[in-house]
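Presented below is the structure to which this report refers.
All of the numbers you see were taken from the coordinates with simple rules; none came from a lab. Note that this is a predicted model, so its numbers are computed, not measured. Cβ sites come from the backbone with ideal geometry, for glycine too, and all protein chains shown count toward neighbours.
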Amino acid sequence: MARRTKILATLGPATDKEGVLESILAAGVNVVRINFSHGSEEEHLGRVKAVREWAQANNTYVGVLMDLQGPKIRTACFKDGIKIQLNNGDSFALDADMDELSGTQESVGIAYKTLPQEVKSGNVLLLDDGKVVLEVTGVEGNKINTVVTQGGPLSDKKGINLRGGGLSANALTEKDKKDIFTAAKAKADYVALSFPVSGDDVRETKKLLAEAGAHAGVISKIERAESLVEETILDIIEESAGIMVARGDLGVEIGDAQLPAQQKRLIKLARSNDRIVITATQMLESMIENPIPTRAEVFDVANAVLDGTDAVMLSAETAAGAYPQNAVKTMHDVCLESEKNPIAKTSHHRLHEHFREIDETIAMSTMYAANHLGVKVVAALTETGKTAMWMSRMSSNISIFAMSDNVQTLRKVTLYRGVYPCGIEKSSADDWSQVNETVIETLTKNEVVKDGDLVVLTKGMYKDKSGGTNVMKILHVGDVNY
């Protein structure tokens, strides 16, 4: 049984070591994440090149997601790089006028210079993913005075969150706009947008991508409290190729106790609106330093799979951890076992709704027929991957093969749950009288089907037309005529 949930793994210093990148790709990584918060353009492009070369050599497809840094709402640095220890009851100041390298036990500078104008007495600020909690006692000019309500260690460049959200920082910074051009150079399949607060942020990102000549889909990272408002989140989802449940910053802003319910809600909203959803942050955090996960982490991954997430993400586990290959293998094994549960195979998606388009109707009808007929695989001939996306919204244990001669489409579907990219020769696909035979030959050659199996094929009667899927055909492998 092939794994349906996709694995998104972050690249970094650990995967730059000899043989490590190849080992994690071979272990089952479907999409790699390039984090623009670290590294140079040269490093990013070099990593993408290495991934693409491996995929080509192994006759497969690996997607590339490039993650924009977003606004730097964080502390500046401490003098001589020291780490301080804050204790409950200590007075501590965040000072926008302070030199960025002169932090002390009493105060530190901030990278986000307008923060003093956006907070007031009684606000709660969370530093370093909530490890240190400060209550604002007053603002004097550009200096925020606070009292420590939860102490802990604090070092350079730690993130700052406002409990409940509300900071006005733009989602797209000047650095992000430059990095979009790097994503275009890399021919990235997806670009992740950090801290969007509305659909306008996504629309602007799509506009900048188009101007840069990029064809990447936008994955919106849901990490601000205000983005969870029903009207807002629906606007963000509608404008995006998908969303990422970015549990780090989101958990800090809304409180960890609210995260599980919000994660389930976001996964359901994305799937019901025919969008991708990625579950991210600390999924196998202990494996940064340990060769095996905690049981709580195993349950966390399994629950995301059972809720219907398209992909689960590894961050520092692969980028900087001691056991990147182990982390990928663990993720693979947990996903595979979780998908055997009947919950992961049943679906009521769109069961009582009208369909909007002919190709959408074909996609839904195909999955209904496949689930009830005992079909081995579904083969979707597709220009853009849209038909395969619709099919993947229905939970099933039937593999969906997105068949195309468009390499970009084949890399994009690597993020769709239950969908597998399969290249097909354009010269064959152009001859519609031969297309059925070509599909069966391709699937047989790849050892996906054998004589006696049933295959459901979807296609359009007009080649090279996006959104033109209007035919569903059931084929019996081994027949003389298809």
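Numbers for the structure displayed
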{"quantity": "Average Cα contact separation per residue, segment 79-162, under 8 Å, 6 or more apart, as relative contact order %", "calculated": "35"}
{"quantity": "Pairwise label distance in nanometres, Asp156 with Asn88, each label 7 Å out on the Cα-Cβ vector", "calculated": "3.2"}
{"quantity": "Under the Karplus curve 6.51 cos²θ - 1.76 cosθ + 1.60, θ = phi - 60°, whole-Hz ³J(HN,Hα) for segment 185-201, x wherever Gly or Pro sits", "calculated": "4, 7, 6, 4, 7, 9, 10, 8, 9, 8, 6, x, 10, 7, x, 4, 4"}
{"quantity": "5 angstrom amide H check on Gln150, placed H, neighbours 5+ away", "calculated": "Val133"}
{"quantity": "Amide H within-cut-off set for Tyr112, under 5 Å, with H built and near neighbours excluded", "calculated": "Arg74"}
{"quantity": "Within-11-Å neighbourhood charge of Asn145 [Cβ basis; K, R +1; D, E -1]", "calculated": "-3"}
{"quantity": "For Glu339, residues with placed amide H under 5 Å, excluding near neighbours", "calculated": "none"}
{"quantity": "Mean-position separation - Cα centroids, segment 438-455 and segment 207-264, in angstrom", "calculated": "39"}
{"quantity": "Using θ = phi - 60° and Karplus 6.51 cos²θ - 1.76 cosθ + 1.60, couplings along segment 236-252 (whole Hz; Gly, Pro as x)", "calculated": "4, 4, 4, 7, 9, 6, x, 10, 10, 7, 8, 6, x, 5, 5, x, 5"}
{"quantity": "Cα-based Lys proximity count in segment 358-476, under 19 Å, for pairs eight or more positions apart or on separate chains", "calculated": "21"}
{"quantity": "Packing-based exposure ordering (other Cβ within 10 Å, fewest first) of Leu167, Leu94", "calculated": "Leu167, Leu94"}
{"quantity": "In nm, spacing of pseudo-spin labels at Asp200 and Glu337 (7 Å Cα→C-beta vector)", "calculated": "4.8"}
{"quantity": "Relative exposure of Ile343, Ile243, judged by other C-beta atoms within 10 Å (fewest first)", "calculated": "Ile343, Ile243"}
{"quantity": "Cα centroid separation - segment 28-101 against segment 307-358, whole Å", "calculated": "24"}
{"quantity": "Rounded tilt (10° steps) of 259-272 against the dominant C-alpha axis of the chain", "calculated": "30"}
{"quantity": "The chain: angle of helix 41-57 to the longest principal axis, Cα-based, in degrees nearest 10", "calculated": "20"}
{"quantity": "Antiparallel bridge percentage (DSSP; both residues within segment 79-162; nearest 5)", "calculated": "90"}
{"quantity": "Rel. contact order, % - alpha carbon contacts under 8 angstrom, at least six apart, the chain", "calculated": "14"}
{"quantity": "Separation in nanometres of the label points that stand 7 Å from Cα toward Cβ, at Val124 and Gln434", "calculated": "6.7"}
{"quantity": "Viscosity 0.692 mPa s, temperature 37 °C, Stokes-Einstein D of segment 358-476 from Kirkwood C-alpha radius, µm²/s", "calculated": "238"}
{"quantity": "Bridge type composition, the chain - antiparallel percent by DSSP, nearest 5", "calculated": "40"}
{"quantity": "Isotropically averaged projected area of segment 1-98, using the convex hull of Cα atoms (one quarter of hull area), nm²", "calculated": "10.8"}
{"quantity": "Global size of segment 79-162 as Cα Rg and Dmax, reported in angstrom", "calculated": "11.3, 32"}
{"quantity": "Extreme residue, positive dipole direction of the chain, given options Gly122, Val218, Gly165 (C-beta unit charges)", "calculated": "Val218"}
{"quantity": "Cα gyration tensor category, rounded, prolate or oblate, for the chain with a/c compared to 1.5", "calculated": "prolate"}
{"quantity": "Helix-derived mean residue ellipticity, 222 nm - over the chain, DSSP H n ≥ 4, -39500 (n - 2.57), to 500", "calculated": "-10500 deg cm²/dmol"}
